Amino acid sequence: MGSNKHQGTFRFSFGPWNIHQGADPFGPTVRKNITFAKKLTLYKQMGFDGVQFHDDDAVPKLNDMTAAQIRKEATAVKKALDGHGLQAEFVAPRLWEDPRTIDGGYTSNSAAEREYALDRSRKTIDIARALGTRNVVLWLAREGTYVREAKDSVVAVERLAAAVQMMLDYDPKVRILIESKPNEPMDHTYIPTIGHAIALGLMTNAPERVGCLIESAHALLAGLDPSDEMGYAMAQGKLWSVHLNDQNGMKFDQDKTFGSVDLRRAFNQVRILDRHGYGNKGEWIGLDVKAMRSQKDDVATKHLRNSQEIFLKLLEVSRSLDNALIDKLIAERDYEELELLIVSALMGD
Ligand code: XLS
Ligand code: MG
């Protein structure tokens, strides 16, 4: 058990929303806007090779554009990526800001609004194709309820499965990565955990093209251990991306720097990914982290640097462990000694 069968390969990505102006629900922006073009110049400088996109990060006014216009604009973004030596990891439809998605997208009670969500998802796939990625991430933000009686949970799940099926049919190459989250902005969502996400894929006729993205904080908000969620998905060959970050207890989604709250919890995520060869099929280490609102303009990317640095240091710790000793302690069932060994390693001993 203690021996490394494989090692992972780690390349890092983040989304343009991870460099942001610091607005929160209680106050306005506190930092200057940084243009998308400027952000692109920062990626390589900071040691990142992949860019994650919402559809409108790539094509801002896509709702008012024709398919040809969208393709043209996305192609220009692809050129800019190429120019910086960057790759697009995925595109995600932003289905939570438009007035037509107030009641959710695919699970809205309005047929016209559901049609908008499906149409928008087709545009997302067109953008993904133009950016050179097969990956479409679905964070099902408003696919839930505030009031149990307002939606029928059977119908809602059937509608979600039908939406995924539509996307799989629309492009035979596309892969859908479902990012589960139990709450926020909704009281409860219909796909709260990664087990739900993977099982939703089984309701389609191409489950081999439905996988998942695990965000550490989303697992924590569901009261689960992120490394176990990752293990569950990897056991099924379904962990196609991650959003590493951290979370201080059961509150709003904090997107804190990876490892900044609970180092051992972060260590276990790194360890399970590395031991099972994460990244060897091209999967990325995505960091879905936010800068503190108190951070000044010129140092407002340190949350990304720190997350990456903490990941790499934990990888070093994990790889330097004495696996023979771990195997021995496991065989002797001396888990107290194992605990001290891990905590000591985290303390630098
Ligand atoms: C929000 C999500 C979001 C997705 C991308 O909680 O983490 O940022 O990762 O749509
Ligand atoms: Mg995320």
With N set to the number of residues, divide the alpha-carbon radius of gyration of the range 1-129 by 2.2 N^0.38 Å and report two decimals. 1.26
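Among the trypsin sites (Lys or Arg not before Pro) within the range 151-181, which fall in a DSSP loop and have no more than 16 other Cβ atoms within 10 Å of their own Cβ?
Details: sites: Lys151, Arg159, Lys173, Arg175; in loops: Lys151, Lys173.
For trypsin sites (Lys or Arg not before Pro) across the range 151-181 that sit outside H, G, I, E and B with at most 16 neighbouring Cβ atoms in 10 Å, the list reads Lys173.
By Kyte-Doolittle mean hydropathy of at least 0.0 and Cα axial length of at least 24 Å, which whole DSSP H helices of the chain are selected?
Correct list, ordered by number: 153-170.
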Could you derive backbone 3J(HN,Hα) for the range 244-261 from the dihedral phi with the Karplus parameters 6.51, -1.76 and 1.60 (θ = phi - 60°), listing whole Hz in sequence and x where the residue is Gly or Pro? 7, 6, 9, 7, 9, x, 8, 9, 4, 5, 8, 6, 6, 3, 4, x, 6, 9
Apply the Debye scattering formula to the range 108-186, with a single equal point scatterer on each alpha-carbon and no solvent, then give log10 I(q)/I(0) at q = 0.10, 0.11 Å⁻¹. -0.26, -0.31
Qualifying chymotrypsin sites (Phe, Trp or Tyr not before Pro) for the range 143-248 [loop in DSSP, other Cβ within 10 Å: at most 15]: Tyr146
With contacts defined as alpha carbon pairs under 8 Å and 6 or more residues apart, what's the relative contact order of the chain in percent? 18
Obtain the nm distance between the two label points defined at Leu202 and Ile102 by a simple spin-label model: each point lies 7 Å from its Cα along the Cα-to-C-beta direction. 3.8
Beyond 17 Å, the calculated P(r) of the range 12-60 holds a percent of Cα-Cα pairs equal to 40
Projected area averaged over orientations for the chain, convex hull of C-alpha atoms, nm²: 18.3
Using the basic label-point model (7 angstrom from Cα toward the beta carbon), what is the Glu332 to Trp17 distance in nanometres? 4.9
Once each part is reduced to its C-alpha centroid, what is the distance from the range 292-316 to the range 1-61 in angstrom? 12
Which aspartates and glutamates have a Cα less than 18 Å from the Cα of Lys32, not counting those fewer than 8 places away in the same chain? Asp24, Asp57, Asp297, Asp298
Taking amide H positions as placed in the peptide plane 1.01 Å from N, state which residues far from His243 in sequence (5 or more) or on other chains have amide H under 5 Å from it. Ile214, Glu215, Ser216
Amide hydrogen neighbours beyond the local backbone of Asp255, cut-off 5 Å, H modeled: Asp246
Given the Cα-Cα distance of Asn183 and Lys61 and 0.36 nm per residue of separation, how much length would full extension add, in nm? 41.1 nm
Rg/Rh of the range 194-240 (Cα atoms, Kirkwood Rh), to two decimals, equals 0.98
Within the range 1-76, which chymotrypsin sites (Phe, Trp or Tyr not before Pro) sit in a loop by DSSP and count at most 10 neighbouring Cβ atoms inside 10 Å? Phe26
Between the range 103-140 and the range 162-219, what's the alpha-carbon centroid distance in Å? 12
Using a basic spin-label model with each label point 7 Å from the Cα along Cα→Cβ, how many nm lie between Lys79 and Asn109? 4.8
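Every number here is computed from the coordinates shown, using simple stated rules; none is lab data. Predicted model only: the values in this text are computed from it and were never measured. Using ideal geometry, Cβ is built from the backbone for each residue, glycine included, and neighbour counts are taken over all protein chains shown.
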